Amino acid sequence: MKQQVLVLYLNTSALDAEVLGWANYDGTGRTSPATGDGDEPPYETGVDALKDGWRLFQASQLMPPYPGHEYETSFLKHEFWFEKLE
Amino acid sequence: MATTEHLLTSVEMARFVAHGYHRMDAVVPAAINERAVPAFEAGRLPDVSFGTPLRRAFAEGSISRAILAIPAVAGALRSLVGPDPTVDHHHVHVREPHEGRAQPLHGDAVIDTRVDAFDVQLMYYPQEVTAAMGGTLSVPGSHLRRTNESDTGRYQNLRGQTRLTCPAGTVVLLHHGIWHGGRRNDSDIRRYMYKIRFNPTVPQVRTWDVADLDDPAVARELSVYHPWCEHATARLEIYNRITMWRALTGDASFDIDYWATRVANRPGRVA
């Protein structure tokens, strides 16, 4: 059994929010995704990935900002991990 | 080689604060580009010690000096980093033909928490860069995010990213914090990018042409929302740009749509 992984970064913590960023990892070896290999997201929303057969297996927790650092920005906040198995 | 001509305007500076880069297409003449490629192919450049004053860093007649003497380059650099910067380091980056991999998205050096100073990185492309040559990937507006080096390597693509294609002789000046990486070169051509990092030696306050400081377009530039940025976090980005603009202008009262003022309003409280 081989795993394909899709990571989507969404506009809010809701799974039906717009896709802002994405990454692919292909355990089948059929494709070779790379940084900066495309400008168009694979799906418009996270739910669109579900409709296409991707299985959600992890989502970012909602974390309060660290006291004293409420205005700082860092990593993208709303990260969702999907897989397909074959 | 400093000049007081060709300084950036306040609107252009605000655009830099919001996007993290200033791009000048084909600003380097063909005669210099034609010298640069074989020089970069020949091997390493002369060493420059960390912190060398710019006026002593590069020999007369060198390609580095020729690029930095171009008025548009000199004026933009002075506007961003101020007069008499030092050279942090310089390096020729090469992406080999069909090398099969890209750099992970990263910020250079280490996490840098300065809010009232920044380094500038010059990237010079002596050749035309086509899409297949794997031009530098960068993420407009990512420079104020506090992340360390390649910890962002998981992000393969972001909406609104720039996959650089450009004519020969293009120079991009970048804020030190911008997320970027060399893309996979799928062409038959060796691709060169020459980088110089500059450190400021004076406070970076009103170092550009401030004649248009009160232009409403300044606030509009600082208020841009980037397509890759979450809506909520984009508001924090504007807040952080306000903080940076206050430092750059020395105007502690500057604000946009009351973002910074309302959250600091604590009547009667001093601590």
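Read-outs: derived from the displayed coordinates by stated rules, not from any lab. Since we're looking at a predicted model, the values are computed, not measured. Cβ placement follows ideal geometry from the backbone for every residue including glycine, while neighbour counts extend to all protein chains displayed.
Cβ-to-Cβ counts within 10 Å put A:LEU15, B:LEU173, A:LEU85 in ascending order as A:LEU85, A:LEU15, B:LEU173, the fewest first.
Taking a Cβ cut-off of under 10 Å around B:GLU12, the surrounding Lys, Arg, Asp and Glu residues balance to a net charge of -2, with basic ones at +1 and acidic ones at -1.
For B:GLU128 and A:LEU50, the FRET efficiency from 1/(1 + (r/R0)^6), where r spans their Cβ atoms and R0 equals 45 Å, is about 0.55.
From the Cα gyration tensor of the protein assembly as shown, with a ≥ b ≥ c the square roots of its eigenvalues, which class applies: rounded if a/c is under 1.5, or else prolate if a/b is larger than b/c, or else oblate?
Details: a/c = 2.23, a/b = 1.14, b/c = 1.95.
Taking the square roots of the gyration eigenvalues as a ≥ b ≥ c, the protein assembly as shown is oblate.
Relative contact order for chain B: 30 percent, from Cα pairs under 8 Å spaced at least 6 residues apart, divided by residue count. Residue exposure proxy: B:ARG191, B:ARG206, ordered by other Cβ atoms within 10 angstrom of their Cβ from fewest to most, comes out as B:ARG206, B:ARG191.
Of the chymotrypsin sites (Phe, Trp or Tyr not before Pro) found in segment B:191-260, those that fall in a DSSP loop while having at most 12 other beta-carbon atoms within 10 Å are B:TYR258. For segment B:192-239, what does the alpha-carbon gyration tensor say about shape, rounded, prolate or oblate, given a ≥ b ≥ c as the root eigenvalues, a/c under 1.5 as rounded, and a/b over b/c as prolate? Taking the square roots of the gyration eigenvalues as a ≥ b ≥ c, segment B:192-239 is oblate.
Longest span of chain A, sites excluded, free of trypsin sites (Lys or Arg not before Pro) in DSSP loop with at most 14 other C-beta atoms within 10 Å? Counting only loop sites that pass the neighbour cut-off, the longest clear stretch is A:31-86. For chain B, the Cβ-based charge dipole about the Cα centre amounts to some 580 debye (Lys, Arg positive; Asp, Glu negative; other atoms uncharged). Among the helices of chain B, those built from whole DSSP H runs whose Cα atoms reach 20 Å or more along their own axis and whose mean Kyte-Doolittle hydropathy is at least -0.5 are B:231-249. The H on the amide N of B:ASP119, modeled in the peptide plane, is under 5 Å from the matching H of B:HIS176, each at least 5 residues off or on a different chain. Helical content alone sets the calculated 222 nm signal of chain B at -8000 deg cm²/dmol, taking -39,500 (n - 2.57) per DSSP H segment of four or more residues and averaging over every residue. Dipole check for the protein assembly as shown: with +1 at the C-beta of Lys and Arg, -1 at the C-beta of Asp and Glu, and the Cα centre as origin, the magnitude is about 560 Debye.
Seen from B:ALA217, the other residues with C-beta closer than 11 Å to its C-beta sum to a net charge of -3, counting Lys and Arg as +1 and Asp and Glu as -1.
Can you bin segment A:3-85 into rounded, prolate or oblate? Criterion: square roots of the alpha carbon gyration tensor eigenvalues sorted a ≥ b ≥ c, rounded for a/c under 1.5, prolate for a/b above b/c, oblate for the rest. Prolate. In summary, the lysines within cross-link reach of A:LYS51, defined as a Cα separation below 19 angstrom excluding same-chain residues under 8 places away, comprise A:LYS84.
Within the listed set A:THR28, A:THR12, A:THR45, the Gaussian network model of chain A (springs between alpha-carbon atoms below 10 Å) gives the highest mean-square fluctuation for A:THR28.
Farthest towards the positive end of the charge dipole of the protein assembly as shown, among the residues B:VAL218, A:GLY36, B:ALA252, is the Cα of B:ALA252, using unit charges on the Cβ of Lys, Arg, Asp and Glu. Among B:TRP208, B:THR162, B:LEU68, whose Cα lies farthest out toward the positive end of the dipole of chain B, if unit charges sit on the beta carbon of Lys, Arg (+1) and Asp, Glu (-1)? Looking along the dipole axis, the top candidate is B:THR162.
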